[in-house]
Amino acid sequence: MEKPEVKRLLINYKTLEEFQNFREYGAPELSMKEDLQANIIENDSESPFYGIYYGNKLVARMSLYRVKGKFDQYFEPPQDYLELFKLEVLEAYQNKGYGKALVDFAKSFNLPIKTNARQRSDEFWNKMDFESVTYQPMRDRGENPYVWYPEGVKEQVLSQEQR
Ligand code: COA
């Protein structure tokens with residue numbers, strides 16, 4: 001199978017309309033729409049989302065934020081890392097390698113990655129070579145963090161106060 005092409009998504013009405021096909025549609029999408037309507041952001045400005053199109057249809061997406069090293073509580077040595085949110089493949093397009101293609105794209109920045117695994121997706125993340133971290137209630141607040149370590153990076157051990 002040909003390798004799916006991952007594209008940076010632009011913020012415009014077409015993209016916002018496509019987002020409505022995804023189950024996880026909420027505050028970030030709505031605020032994008034409001035910002036667009038109020039001209040706070042320009043049409044076709046870059047969004048934090050990346051996606052895969054099948055023809056003209058957006059069938060898979062994720063968002064990626066780069067977190068500054070000074071806020072890093074997950075990796076040793078502490079460094080800039082990527083926070084991966086909202087990975088979702090439309091149901092009819094699942095199990096065709098699109099989820100993996102997005103995760104591989106995120107890995108290609110060669111920064112550590114942190115995500116919050118949804119219920120019952122642990123098996124998928126294990127397959128993607130992500131690992132769960134030692135749960136720290138103060139830091140993780142009920143999330144189910146999974147991380148990917150590039151070469152030379154390991155889990156950060158938090159001090160007693162940080163847990
Ligand atoms: N549980 C276990 N393994 C899974 C899986 C799941 N839910 N979904 C896919 N896999 C496996 C595939 O079998 C494949 O394995 P292989 O390489 O040995 O063949 C590998 O993971 C890659 O699969 P891929 O085709 O890239 O998965 P996908 O495109 O369907 O994307 C999800 C995976 C989970 C992102 C997608 O199914 C989805 O959006 N599901 C609904 C939302 C969700 O659960 N999101 C979880 C992320 S927070």
> When you scan region 66-117, how many residues do you find that are within 8 Å of the ligand (Cβ to nearest atom) and β-branched (Val, Ile, Thr)?
Replying inline: 3
>> Given the options Arg61, Arg120, name the one that is touching a residue at least 40 places away in the same chain (Cβ under 8 Å) and within 12 Å of the ligand (Cβ to nearest atom).
In response: Arg61
> Do we have Glu83 as touching a Lys or Arg at 6+ places or on another chain (Cβ under 7 Å) and at pLDDT 95 or above here?
Replying inline: yes
> Of all residues in region 90-117, how many are open to solvent by 70 Å² or more (accessible area, probe 1.4 Å), touching a residue at least 40 places away in the same chain (Cβ under 8 Å) and on the phi > 0 side of the Ramachandran plot?
Replying inline: 1
> Based on what the data block shows, is Arg163 open to solvent by 50 Å² or more (accessible area, probe 1.4 Å) and within 11 Å of the ligand (Cβ to nearest atom)?
Replying inline: no
> Conditions: (1) surrounded by fewer than 16 Cβ atoms within 10 Å (Cβ to Cβ); (2) away from the ligand (no atom under 16 Å from the Cβ). Asn126 meets all but one. Number of the miss?
Replying inline: (2)
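The values are calculated or read from the model by the stated rules, or taken from the named source; none is laboratory data. Just so we're clear, the structure is a prediction, and the values are computed from it rather than from any experiment. Here the Cβ is made from the backbone with ideal geometry for all residues, glycine too, and neighbour counts use every protein chain on show. The area values use the complete protein model at the heavy-atom level, side chains included, leaving out ligands, DNA and RNA. Shrake-Rupley method; radii C 1.70, N 1.55, O 1.52, S 1.80 Å.
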